[in-house]
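> Sending over a structure as structure tokens; questions will come in a sec.
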Amino acid sequence: MNRTAEVLIEALPYIRRFYDRRIVIKYGGAAMEDETLIHSVMQDIVLMKYVGIRPIIVHGGGPRITEWMDKVGKVPEFVQGLRVTDAETVEIAEMVLGSINKQIVARINQHGGKAIGLSGKDANLILAEKQETQITDENGQKTDVDLGYVGKIIGVNTESITALDRAGYIPVVSPIGVGVDGQTYNINADTMAGEIASAFQAEKLILLTDTLGILRDLSDISSLIPTIHIREVDQFIEDGFIGGGMLPKVEACTTALMGGVYKTHVIDGRIPHSLLLEIFTEGGIGTEIVR
């Protein structure tokens, strides 16, 4: 059989299975910076829409926020993968993320899709409050840490995304939230993607990263863990396989699964057409976290 035909035949059952289902994609990392990868991701998203899947895009923008902080002489600080955000930093984040959002929308439209950008502040899409965080030292002592205007999501109002979806548009959401008092909060993009996936009980949550997935040994690509059950997550964190910037990603997956999402995936966005490989092939790529 012709190889092209084989690929299409392999994809057919997945197209049938995921038709009219929502898939939430967290878009970030190298796939937002490398021109070839940008085109690859946009093509994947538009193809998904044309075969009847209903994608929702949540994007990051951490490196560009850091670039702007450098320009104004601010030193980035992170705690457990979350950016410490003072009043000036939250203004920078909102500005940068708004610019990125428009760029992604333009790219999707350029590739034949119809996208509309949203901030989490639009129509009170993402309601948030100040996130309280603790760190634990080597002696097991816990200390409160003030992350500033980093938000904890307390509500997702799905009406705006639903309206865009019904009208045939691809929603593209930037990770900014708003408090009941109108305060702007910087939200971790992985966290937001997990909460939105949960709110819609999406078929899948897919997180694009700059790693193959979750590894037992970061220096050994053959140590990729293909499947993790949600009951194993705490042990993997304790064993040190999950830490740093991977923590919010795994927590997002856990949130999504507990909210009714069928499967979650951490995949390598540096691989061209990684979304199509994950969704439409039998083997998939990266690490899946399942119930």
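Here, each number is a calculation from the coordinates, and none is a lab measurement. The structure displayed is predicted, hence computed values, not measured ones. Please note: Cβ atoms are built from the backbone with ideal geometry, for glycine as well, and neighbour counts cover all protein chains shown.
> So the label point goes 7 Å from the Cα of R21 along Cα→C-beta, right? Which residues of segment 204-244 then have their backbone N under 19 Å from it?
Within reach of a label on R21, which here means backbone N under 19 Å from a point 7 Å along Cα→Cβ, segment 204-244 contributes 204-208, 227-230.
> Something else: Between L12 and E91, what is the spin-label point distance in nm, taking each point 7 Å from the Cα along the Cα→C-beta axis?
Distance between label points: 5.9 nm.
> Hey, another quick one. Using the Cα centre of the chain as origin and beta-carbon charges of +1 (Lys, Arg) and -1 (Asp, Glu), tell me which of G73, G177, V41 is placed farthest towards the positive end of the dipole.
V41
> Let me ask something else. Using the Karplus curve 6.51 cos²θ - 1.76 cosθ + 1.60 with θ = phi - 60°, what ³J(HN,Hα) values do you get for each residue of segment 79-85, in whole Hz, with x for Gly and Pro?
For segment 79-85, the Karplus curve yields 10, 6, x, 10, 7, 5, 10 Hz.
> With a sphere of radius 14 Å drawn around the Cβ of L8, what net charge do the other residues whose Cβ falls strictly inside it have (Lys, Arg +1; Asp, Glu -1)? Please list the in-between numbers first.
Values: positive: R3, R16; negative: E6, E10, E282.
Charge balance near L8 sits at -1.
> Mind putting a number on the dipole of segment 1-128 about its Cα centre? Charges go on the C-beta only, +1 for Lys and Arg and -1 for Asp and Glu, and I need it in Debye to the nearest 20. List each step's numbers first, then the result.
Details: 16 positive and 15 negative charges, 136 e Å.
It works out to roughly 660 debye.
> Sticking with this structure for a sec: Taking amide H atoms as placed 1.01 Å from N in the peptide plane, list the residues 5 or more away in sequence, or in a different chain, whose amide H sits under 5 Å from that of G148.
Counting only residues 5 or more places away or on other chains, the set is T85.
> Still on this structure, I have one more. Enumerate the amide H contacts of K130 below 5 Å, restricted to partners 5 or more residues apart or on another chain; note that Pro and chain-start residues carry no placed amide H.
Answer set, sorted by chain and number: K152.
> Moving to a separate point now. Amide H of T158: which non-local residues (sequence gap of 5 or more, or other chain) have their own amide H closer than 5 Å, using H built in the peptide plane?
The list, which skips near neighbours in sequence, is empty: none.
> Once phi is turned into θ = phi - 60°, what whole-Hz ³J(HN,Hα) does the Karplus curve with 6.51, -1.76 and 1.60 give for every residue of segment 22-34, x standing for Gly and Pro?
Karplus-based 3J(HN,Hα) across segment 22-34 equals 7, 10, 8, 10, 8, 9, x, x, 4, 5, 9, 10, 7 Hz.
> What is the extension gain from Q103 to K71, computed as 0.36 nm multiplied by their sequence separation minus the C-alpha to C-alpha distance, in nm to one decimal? Numbers along the way, then the final one.
Numbers: separation 32, 0.36 × 32 = 11.52 nm, distance 2.11 nm.
The span from Q103 to K71 would gain 9.4 nm if fully extended.
> Can you work out ³J(HN,Hα) from phi for every residue in segment 279-288, in order, using Karplus 6.51 cos²θ - 1.76 cosθ + 1.60 and θ = phi - 60°, giving whole Hz and x for Gly and Pro?
7, 10, 10, 5, x, x, 9, x, 10, 9
> If we count other beta carbons within 10 Å of each Cβ, what is the order of S119, S160, fewest first? Can you show the working numbers first?
Numbers: S119 19, S160 16.
Exposure proxy ranking, most exposed first: S160, S119.
> Arranged by the count of other C-beta atoms within 10 angstrom, fewest first, what order do S222, S174, S99 take?
Numbers: S222 8, S174 29, S99 13.
Least to most surrounded, the residues fall as S222, S99, S174.
> PRE reach from E129 (point 7 Å along Cα→Cβ): which of segment 146-172 fall under 20 Å by backbone N?
146-158
> Given a Förster distance of 45 angstrom, what is the FRET efficiency for T281 paired with I154, based on the Cβ-Cβ distance and rounded to 0.05?
Values: r = 38 Å, r/R0 = 0.84.
The pair T281/I154 has a calculated efficiency of 0.75.
> Can I ask one more? Whole angstrom only: what separates the Cα centroid of segment 196-221 from the Cα centroid of segment 15-45?
13
> Here's something else I'd like to know. Please give the charge dipole size of segment 22-283, origin at the Cα centre, charges +1 on K and R Cβ atoms and -1 on D and E Cβ atoms. Round to the nearest 20 debye.
1100
> When the expected Rg is taken as 2.2 N^0.38 Å, what fraction or multiple of it is the alpha-carbon Rg of the chain?
On the way: Rg = 18.6 Å, N = 291, 2.2 N^0.38 = 19.0 Å.
This ratio for the chain stands at 0.98.
> Which of G112, A163, Q141 sits closest to the plus end of the dipole of segment 103-178, meaning its Cα is farthest towards the positive end, when Lys and Arg get +1 and Asp and Glu get -1 on the C-beta?
G112
> Could you work out the local net charge near Q183, counting Lys and Arg as +1, Asp and Glu as -1, over the other residues with Cβ closer than 11 Å to its Cβ? Intermediate values should be presented prior to the final figure.
Values: positive: K121, K130; negative: E129, D181.
So the environment of Q183 carries a net charge of 0.
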